[in-house]
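Trainee: Sending over a structure as structure tokens; questions will come in a sec.
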Amino acid sequence: MASESSFDIVNKVDRQEVDNAVNQAAKEISQRFDFKNVDAGIKWSGEAIDMQANTEERVSAVLDVFKDKLVKRQISLKGLDADEPKLSGKIYKITATIDAGITQENAKKLSKLIRDEGPKGVKAQIQGEELRVSSKSRDDLQAVQALIKGQELDFAVQFVNYR
């Protein structure tokens, strides 16, 4: 009798990669001519990332540079939650956070999708901020991965612990 195979669907972000993207963006901002004398900058503020500049357009350009660095480091922009530019004194600021973990609501959506459109005999079980998918057939599990990759989800997913 074949044993159960499984994998986990998660939304994890490598904090070190985000830190590298922040540092690269800060370096580019300090060196670019169009960011000279506009008080442009980007830095960590606890778990959030603060961006600032003296005009709304410049702070939006700082955000674009940061997004570019995230994409180059293979971090999905679906997890980036950035505010609108806000005036704080003479400086415009944007605060951004990186979301990690799959919410209960999104886990239920994925579970329903797997039940409705996935192969028969595949079970999906919510475990905290991740979703465990198991089946006797590894081919069915690969079909579920292909199904999820083909969906337009509003959050990033990765597949881990494939056994």
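The values are calculated or read from the model by the stated rules, or taken from the named source; none is laboratory data. Please read these numbers as outputs of a predicted model, since none were measured by experiment. So basically every Cβ, Gly included, is an ideal-geometry build from the backbone, and we count neighbours across all protein chains shown.
Trainee: Pick out the one residue from Glu84, Glu105, Glu129 that is over 17 Å from the mean Cα position of the chain (by Cα) and surrounded by fewer than 19 Cβ atoms within 10 Å (Cβ to Cβ).
Mentor: Step by step, each of Glu84, Glu105, Glu129 is checked, and only Glu84 is over 17 Å from the mean Cα position of the chain (by Cα) and surrounded by fewer than 19 Cβ atoms within 10 Å (Cβ to Cβ).
Trainee: Taking interchain pairs and intrachain pairs at least six residues apart, which have beta carbon atoms under 9 angstrom, with the first residue in the stretch 101-113 and under 12 Å from Val133 (Cα atoms) and the second among the acidic types (Asp, Glu) and not in a helix (DSSP H, G or I)?
Mentor: Close Cβ pairs satisfying both conditions: Ala107/Glu129; Ala107/Glu130.
Trainee: Checking the conditions here, which among Gly41, Gly89 is outside the structural domain of Arg138 (by TED's automatic domain parsing), in contact with a strand residue (DSSP E or B) (Cβ under 8 Å, 6 or more places away or on another chain), farther than 30 Å from Ser137 by Cβ and not hydroxyl-bearing (Ser, Thr, Tyr)?
Mentor: Gly41
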